[in-house]
1. From the set of residues in region 101-119 that are assigned to a strand (DSSP E or B) and more than 19 Å from Ala48 (Cβ to Cβ), which is modelled with the lowest pLDDT?
2. If a residue has to be more than 13 Å from the chain's Cα centre (by Cα), free of Cβ contacts under 8 Å to residues at least 24 places away in the same chain and on the phi < 0 side of the Ramachandran plot to count, how many in region 44-55 make the cut?
3. Considering only region 12-41, state which residues are without any contact (Cβ under 8 Å) to a residue 40 or more places away in the chain and crowded, with 16+ Cβ neighbours inside 10 Å.
4. Just one of Glu66, Glu110 is charged (D, E, K, R) and free of Cβ contacts under 8 Å to residues at least 60 places away in the same chain; which is it?
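The values are calculated or read from the model by the stated rules, or taken from the named source; none is laboratory data. In this text, all values refer to a predicted model and were calculated from it rather than measured experimentally. Neighbour counts run over all protein chains shown; Cβ positions are idealised from the backbone, glycine included.
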Amino acid sequence: MTTAGEKWTADYVAAWRSNDPEQIGALFSADGRYFTSPDSAPRVGREAIVAGWLEDLDEPGSWTFEWSIVREDAGWFLVQGRTEYPAERDYLNLWIVRLDQDGRAEEFTEWYMARPHDS
């Protein structure tokens, strides 16, 4: 059985691949907060999140992402991942996502650490 965290993360990766504004927006609550790093000001609200995503988008096919759920509890989950950009660098990722009752992110915070390709 797929958990809420697994479904949300798979939907996130699908939106990342497509860069489709509707798919991106469907991930977040109307007043969601997206922290692109723990110390950054959040993008607040679905429209701002979609606009920021499209401003900073990754081109389809320019990356791969492997992930697993580290912990999931009522209303939140933790994802560990690795993003590989063959033309650039690799990143180790850690995400904390808090979901609303409809399975949309109320808050999404990501941490990432750059790594050389051979790590």
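1. In this case the residue turns out to be Arg115.
2. Number of matching residues: 6.
3. Tyr12, Ala15, Gln23, Ile24, Gly25
4. After applying the criteria, what remains is Glu66.
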